[in-house]
Ligand code: NAD
Ligand code: WQD
């Protein structure tokens, strides 16, 4: 029996693969490498000393994906695969709806055909209606502001409806807040293509000198220092949350949505200051205008994760800053370093 990890060569997927293998699960990984590098797969094997099947397949291609179900005894799916850049999704909505929705529908059709009834889905805090009271709980109102977010919203709906119709299905919707950090070895980490959109990859590349300076998007928000506040969560804590979700899905049916966050908000300047202090490096920055679509504050109510999964975040902001920097320093060009 194996867990099919879609998008397993990506940032969160690769860390989760390591945790699953270390826990003793067998895995099968599929990724079209549209936003990742085959070296991540090699590094997972190197870190764990374990081998597993890897398919460089397109999930939207039903014939290709069916081969994976035919060739392996899959009993659970962790579905990370998807396009995830918010700004790009506004420019290319069709691409986002097509990739994220069609891949999920293909996967679900094959799960039904091959009698696979457990799925853990990578959702996002982005499904919560902007302006929701903080900390935000799973029962808060849902509404999105961009096509990327709507794909998460729609996939949550699709999976919920399937689990309603198929009473033996178990669907766990994990709503991640802001994942940062990397594996302690510095062997796997986040490797964005082009100029990073997200804060921490921008900081690490600035500290390295690859980027000149960070633009802090707004210092006039209603927060303790005027800069945006988010719930940053270590990717290793997140990965562990997936192992707990798999265990939960093994013995429960129906759909449950669960926040994976720390419950603690940090501002942009808190992150810059902690990063500089922990790593002894400078991160030059300027204050820039607010970024369209941003809100002042987002952080989780993580109580349900503790109650339902027995999970809570363990890593500190210092761990996150140290581990992000180790990965970036050891891999100045990401997985492209050894080219
Ligand atoms: P990532 O881009 O590093 O990983 C996604 C992987 O999916 C990539 O390796 C990509 O090549 C693969 N992929 C995409 N479309 C595919 C397709 N059609 N067929 C096969 N493979 C495909 O992203 P990540 O940061 O690891 O995020 C994983 C999941 O978590 C995504 O669904 C993302 O939307 C979600 N998520 C991410 C964040 C975040 O900030 N990183 C926050 C909330 C939710
Ligand atoms: C964090 C803070 C920015 C870059 C996004 C998605 C969300 C989820 C996680 C997938 C904000 C500020 C950033 C920079 C800055 N992904 N910032 N300068 O926007 O909270 O969430 O990633 O589901 O859906 O929207 O993350 O890292 O982009 O920004 O000042 O160069 O850093 O304004 O306050 P965000 P982020």
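The angle separating the long axis of helix 38-48 from the principal Cα axis of greatest extent in the chain is about 80 degrees.
Averaging 1/r across all pairs of distinct Cα atoms in the stretch 181-335 and inverting the result yields a Kirkwood radius of 16.7 Å. The order of the peptides 85-97, 229-241 by mean Cβ neighbours within 10 Å, most packed first, is 229-241, 85-97. Here, P(r) means the percent of Cα pairs in each 5 Å bin from 0 to the largest distance; for the stretch 4-71 it is 4, 19, 33, 23, 15, 6, 1. Oblate is the label for the stretch 185-262, because a/c, from the alpha-carbon gyration tensor with a ≥ b ≥ c as root eigenvalues, is 1.5 or above and a/b does not exceed b/c. Of the three principal axes defined by the Cα atoms of the chain, the extents in descending order read 54, 46, 38 Å.
Taking max minus min of the alpha-carbon positions on each principal axis, the stretch 183-228 gives extents of 38, 23, 17 Å, largest first.
Ranked by the mean number of other Cβ atoms within 10 Å per residue, highest first, peptides 112-124, 205-217 order as 112-124, 205-217.
Report note on the peptides 309-321, 158-170: ranked by the mean count of other C-beta atoms within 10 Å, highest first, their order is 309-321, 158-170.
Largest GNM mean-square fluctuation across 245, 274, 125, computed for the chain with C-alpha springs under 10 Å, falls on 274. Note on the chain: with a GNM built from Cα contacts shorter than 10 Å, the maximum mean-square fluctuation among 308, 171, 136 falls on 308. Both radii come from the Cα set of the stretch 233-272: Rg as radius of gyration, Rh as Kirkwood radius; their ratio Rg/Rh reads 1.14.
Across the chain, C-alpha contacts under 8 Å between residues 6 or more apart give a mean separation that, scaled by the residue count, equals a relative contact order of 19 percent. The three principal axes of the C-alpha atoms in the stretch 1-126 carry coordinate ranges of 41, 31, 26 Å, sorted with the longest axis first.
For the stretch 140-196, what percent of Cα pairs sit more than 14 Å apart?
Values: 1143 of 1596 pairs.
For the stretch 140-196, the share of Cα pairs beyond 14 Å comes to 72 percent.
The value given for the stretch 268-339 is a Kirkwood hydrodynamic radius of 15.4 Å, derived from the mean inverse Cα-Cα separation. The angle between the Cα long axis of helix 199-208 and the longest principal axis of the Cα atoms of the chain comes to about 60 degrees, rounded to the nearest 10. The share of alpha-carbon pairs in the stretch 105-222 lying farther apart than 25 Å comes to 45%.
Note: relative contact order over the stretch 100-205, using C-alpha pairs below 8 Å and six or more positions apart, is 28 percent.
Quick one: if you take sqrt(5λ) for each eigenvalue of the C-alpha gyration tensor of the stretch 104-147, what semi-axes come out, biggest first, whole angstrom? Mind showing how you got there, number by number?
Working: eigenvalues 181, 29, 9 Å².
So the equivalent ellipsoid measures 30, 12, 7 Å along its semi-axes.
Computed from the coordinates by the stated procedures, all read-outs in this text should not be read as laboratory data. Bear in mind the structure is a predicted one, so any value in this text is a computation, not a measurement. Counting neighbours? That spans all protein chains shown, and the Cβs are built from the backbone with ideal geometry, glycine included.
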